[in-house]
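Working notes, beginning with the structure itself.
Each value in this text was obtained by applying a stated rule to the coordinates, not by laboratory testing. No experiment lies behind these values; they were computed from the predicted model shown. Cβ: placed from backbone, ideal geometry, glycine included. Neighbour counts: every protein chain shown.
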Amino acid sequence: MDIYRVKCGNGNCYILEENGSAVLVDTGRIEYRKAIEEKIKRFPVKLIVLTHGHFDHCQNAGYFSELFDAPVAMSKKDVGLLKNQMKENLSAKTIPGKIVLLASLASFKKVKMNFTPSVFLQDGDSLKAYGVGAKIIALPGHTEGSIGVDCGENCVIVGDALMNMFYPTVSMLYGNERMMRQSAEKIAKMGNVTVYFGHGKPVGNRKW
């Protein structure tokens, strides 16, 4: 399996490609749509996986779903965020986290999204039906329905369960701190893998 990072502003999308099939993980914000499209249009995308329901990860989901004729998949627990980004409270402890939180909340109030996911993912679900030998891991805490993708070959995509905006850390924004830390510990126990974030460059796994 090959993994391609598509940088879009301060966020990332990812393409997982294997044997002529591909899965797109997250879709970025609308202002980066054309730039993302140029980088991913050559891939045979069979499924779009959203790590969670915040707009900076899924605002282009409907567009790319139509472009590739591919279903959108996410946890059912985050579907409510698509209609109301303020549905779940977010908290932050660090100064950088509080800065990001203020900017996020200001954006959340303005966002509207117009797509409906048709595939609902849970912990342990395989993506083999879509041609890619990866599986879903539940990583709640940032949002209730946050998920990641275990790519199997020493790499894991974690969405916002961990962040590398300013430095590699546990999620700076969280709805449930206890669950967020449990998810970070779950990732740490995966051992010697490369961690691909929703925000920032990939790094080696560690104790978070």
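Placing +1 on the Cβ of each Lys and Arg and -1 on the Cβ of each Asp and Glu in the chain, which of I15, L47, G148 has its Cα farthest towards the positive end of the resulting dipole?
Farthest along the dipole direction, towards plus: G148.
Towards the positive end of the charge dipole of region 2-202, with charges on Cβ (+1 Lys, Arg; -1 Asp, Glu), say which of A70, G124, L101 has the farthest Cα.
Checked the options; the winner is L101.
For region 2-202, with equal point scatterers placed on the C-alpha atoms only and solvent neglected, what are the log10 I(q)/I(0) values from the Debye formula at q = 0.11, 0.15, 0.16, 0.17 1/Å, to two decimals?
With one equal scatterer per Cα and no solvent, log10 I(q)/I(0) is -0.43, -0.84, -0.97, -1.12.
Note down the relative contact order for the chain as a percent, whole number, built from C-alpha pairs under 8 angstrom at least six residues apart.
Relative contact order of the chain: 18 percent.
Could you tell me whether region 99-185 comes out rounded, prolate or oblate from its Cα gyration tensor? Rule is a ≥ b ≥ c as square roots of the eigenvalues, rounded for a/c under 1.5, then prolate if a/b exceeds b/c, otherwise oblate.
Taking the square roots of the gyration eigenvalues as a ≥ b ≥ c, region 99-185 is oblate.
How do M163, M180 line up, fewest other C-beta atoms within 10 Å first?
Fewest-to-most Cβ neighbours within 10 Å comes out as M163, M180.
What order, most packed first, do the peptides 142-153, 98-109 have when packing is the mean number of other Cβ atoms within 10 Å of each residue?
In descending order of packing, they fall as 142-153, 98-109.
When the helix-only estimate is applied to the chain (DSSP H runs of n ≥ 4, each -39,500 (n - 2.57), divided by the residue count), what is the mean residue ellipticity at 222 nm, nearest 500 deg cm²/dmol?
Helix contribution divided over all residues of the chain: -7000 deg cm²/dmol.
What ranking of D123, D26, D69, D56 emerges when the number of other C-beta atoms within 10 Å of each C-beta is taken as an exposure proxy, fewest first?
D69, D123, D56, D26
Express in nm, to one decimal, how much length is gained between F120 and K7 on full extension, taking 0.36 nm for each residue of separation and deducting their alpha carbon distance.
Using 0.36 nm per residue and subtracting the Cα-Cα distance, I get 38.1 nm.
If Lys and Arg each add +1 and Asp and Glu each add -1, what is the summed charge of the other residues whose beta carbon sits under 15 Å from the beta carbon of K207?
With Lys, Arg at +1 and Asp, Glu at -1, the net is +3.
Taking 0.36 nm per residue of separation and subtracting the Cα-Cα distance, what length does fully extending K128 through I30 add?
32.4 nm
Mind putting a number on the dipole of the chain about its Cα centre? Charges go on the C-beta only, +1 for Lys and Arg and -1 for Asp and Glu, and I need it in Debye to the nearest 20.
560 debye
By count of other Cβ within 10 Å, fewest leading, how are C13, C58, C8 ordered?
Ordered by Cβ neighbours within 10 Å, fewest first: C8, C13, C58.
Report, ordered by chain and residue number, the lysines lying within cross-link reach of K77, taken as a straight Cα distance under 24 Å and ignoring same-chain residues fewer than 8 apart.
Output for K77: K46, K87, K109, K110, K112, K128, K135, K186.
Between K41 and N89, with labels modelled 7 Å along Cα→Cβ, what's the label distance in nm to one decimal, could you check?
It works out to 4.5 nm between the two label points.
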